[in-house]
Amino acid sequence: MSRHLQPPSSWLNALRQPVPWIALVLLLITVFSTAPRLWFWFALLLIVLLVGWVQALKGDLPRPHDD
């Protein structure tokens, strides 16, 4: 019953995609912004999160090339 513990590949693959990193940068910019720029960064963050969510539901995340 000895199984090798393997890291969840879907979780690691998600970190290789640009959407989580773009969302993190936009979130940091939004936190330190003031109005009216705050609303621009917040709207951009919501768009990035929505696109990432739709891609995740469709399962069409681009795969990084294995070199």
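Residues in region 21-43 that are loosely packed, with under 14 Cβ neighbours inside 10 Å and either of a type in the set (V, I, T) or not in a loop (DSSP other than H, G, I, E, B) (or both): W21, L24, V25, L28, V31, T34, R37, W39, F40, A43.
Only one of the numbered conditions (1) at pLDDT below 85; (2) surrounded by 10 or more Cβ atoms within 10 Å (Cβ to Cβ) is violated by P7, and that is (2). For residues in region 34-67 being among the aliphatic types (A, V, I, L, M) and modelled with pLDDT under 85, which is farthest from the chain's Cα centre (by Cα)? Per the criteria, the residue is L57.
The values are calculated or read from the model by the stated rules, or taken from the named source; none is laboratory data. These figures come from a predicted structure and were not determined experimentally. Every residue, glycine as well, gets a Cβ built from its backbone with ideal geometry; the counts of neighbours run over all protein chains shown.
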